[in-house]
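Taking it in order: structure first as structure tokens, then the write-up.
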Amino acid sequence: MADTVLYEVGDGLATITLNRPEAMNALNVETKVALREAVRSAAADDAVRAVLLTAAGERAFCVGQDLKEHIGLLAADREAGSGQASGQTMSTVREHYNPIVRALAGARKPVVAAVNGVAAGAGLGFALAADYRIVADTASFNTSFAGVALTADSGISWTLPRVVGPGRAADLLLFPRSIAAREAYELGIASRVVPAAELRAEAEKTARALAEGPTVAYAALKEATAYGLTHSLSETLDKEDELQSRAGASEDHAIAVRAFVEKEKPRYLGR
């Protein structure tokens, strides 16, 4: 793993930290590769029952593509004779952003994003791919893409309309602007807003609580809500039947029922 992304696992929680604070955690190729591998590792590891995605520093969660590196890659593409940004520059969506978002959104465990500062472009996309977003009161969000003559990527064209509604999403995409933490909460982008000094502690507390929870049920909840967004009521009812059977057969369900009857706190195993 590169130094630009830190990866730590303990007590069922994988903590992934973007670690380029001097560049506002901008995404150069090294960082994107490391983040992709870290997220994939967390998603695939059965010992990991929750994921915390966060960032070093106070100014930024992630400002998206590293435009300084991007300029150099654009020039290399043109020198190679393509005449346009069709080589290394735009392949990053397919090679990096898409796998990262698929792994975050598709992980069969809860993903918490702790947004400490600016989340722009792909940084916003990664935050929206998480299941729960705890946001510092000093943080902000920006779609950014139209400001550099690009379209949405990192899943934003799918996630943003589902979070804020299609009309508001069109406004935020066509006219990029800084969205302060309080407005982000009102729009549904932020799940919770906390004082900046308390962000890390609150995010870890939340993520660790999820890591100790009924993992199979959480996975089913993620699958059910994603399915319901794109299917009919009848199809969704059938999916709920399927998923409830799966959750009901889990060890955690048996533990929960027994603990309820005995008036004890359940100690889930994540299976």
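Tabulated results
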| item | result |
| --- | --- |
| Ordering of 51-63, 187-199, 115-127 by packing [mean C-beta count within 10 Å, highest first] | 115-127, 51-63, 187-199 |
| Relative contact order of the chain, defined on C-alpha pairs under 8 angstrom at six or more residues apart (%) | 17 |
| For the stretch 181-235: rounded, prolate or oblate by the Cα gyration tensor [a/c cutoff 1.5] | oblate |
| Per-pair calculated FRET efficiency, R0 = 30 Å: GLU198 and THR230 via Cβ, rounded to 0.05 | 0.25 |
| Global form of the stretch 101-200, assessed from the alpha-carbon gyration tensor, a/c cut-off 1.5 | oblate |
| R0 of 25 Å, Cβ-Cβ distance ALA254-ASP11: FRET efficiency to nearest 0.05 | 0.65 |
| Cross-link reach list, lysines versus LYS32, counting only Cα pairs under 16 Å and skipping chain neighbours closer than eight places | LYS68 |
| Proximal lysines relative to LYS222, as straight alpha-carbon distance under 23 Å, when same-chain residues fewer than 8 apart are discounted | LYS109, LYS205, LYS239 |
| Antiparallel content of DSSP bridges confined to the chain, in %, to 5 | 25 |
| Distance between the stretch 213-261 and the stretch 1-53 - C-alpha centres, whole angstrom | 28 |
| Karplus (6.51, -1.76, 1.60) ³J(HN,Hα), θ = phi - 60°, over the stretch 40-49, in Hz, Gly and Pro reported as x | 4, 4, 5, 5, 8, 7, 5, 6, 8, 10 |
| Under Karplus coefficients 6.51, -1.76 and 1.60, residue-wise ³J(HN,Hα) of the stretch 136-144 in Hz, glycine/proline x | 5, 5, 9, 7, 8, 10, 7, 5, 6 |
| Distant-in-sequence amide H partners of VAL193 (H built 1.01 Å from N, under 5 Å) | VAL135 |
| Residue exposure sequence - LYS239, LYS263, LYS68, LYS32 - by fewest surrounding Cβ within 10 Å | LYS263, LYS68, LYS239, LYS32 |
| Choice from ASP137, ASP46, ASP238 showing the highest fluctuation, given a GNM over the chain with Cα pairs closer than 10 Å | ASP238 |
| Those residues of the stretch 1-26 whose amide nitrogen sits under 16 Å from the label point placed on ARG267, 7 Å along Cα→Cβ | 11-12 |
| Length added when fully stretched, GLU58-ARG162, from 0.36 nm per residue minus Cα-Cα | 34.6 nm |
| Spin-label model distance (nm) - GLU183 vs ALA44, 7 Å beyond Cα toward Cβ | 4.1 |
| Cα gyration tensor shape of the stretch 215-261, rounded if a/c is under 1.5, else prolate or oblate by comparing a/b with b/c | prolate |
| Per-residue ³J(HN,Hα) for the stretch 263-271, Karplus 6.51 cos²θ - 1.76 cosθ + 1.60, θ = phi - 60°, Hz, x for Gly and Pro | 6, 10, 7, x, 10, 6, 9, x, 8 |
| Geometric extent, Cα atoms of the chain - Rg, Dmax (angstrom) | 19.5, 72 |
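Read-outs: derived from the displayed coordinates by stated rules, not from any lab. None of the values given here were measured: they were computed from a predicted structure. Here Cβ is always computed from backbone atoms with ideal geometry, including for glycine, and neighbour counts include all displayed protein chains.
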